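Here's the structure we're looking at; comments come further down.
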Amino acid sequence: MIGSVMVSYSRARAENVIPSCKVGFLERPERVVLIIIGALFDRMAPVLWLIAVLSNVTVIPPHPLTRQEARKRAAHAHEA
């Protein structure tokens, strides 16, 4: 559950620094589809494990991207 919340939170925090942060592969629509599939085929436990693992992995990519973009912006601001 925390991983699912952290996906949205990490993107929101990244977008405070950079204009757009469209990285990661298990966002809200994908999680909803997985839950629907798990419910339809009575496989909720494996689906919830998959969401738990992949949500936490999805939180990682915004951090290096944000750091890289922030450094670029700081370099451009310093040059001007």
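Quick note: the coordinates plus some simple rules give every number you see, no bench work behind them. What you are looking at is a predicted structure, and each value in this text was computed from that prediction instead of being measured. Here Cβ is always computed from backbone atoms with ideal geometry, including for glycine, and neighbour counts include all displayed protein chains.
Structure above, values below:
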quantity	calculated
Charge sum, other residues only, whose C-beta stays under 14 Å from Glu79's C-beta, Lys/Arg counted +1 and Asp/Glu -1	+3
Positive minus negative residues near Gly38 (Lys, Arg vs Asp, Glu; Cβ under 13 Å)	0
Of every Cα-Cα pair in the chain, the percent that sits beyond 17 Å	51
Choice from Ala14, Ala52, Ala39 with maximal GNM fluctuation in the chain (Cα, 10 Å cutoff)	Ala39
Cβ-based net charge around Pro62, under 13 Å, with every Lys or Arg adding one and every Asp or Glu removing one	+1
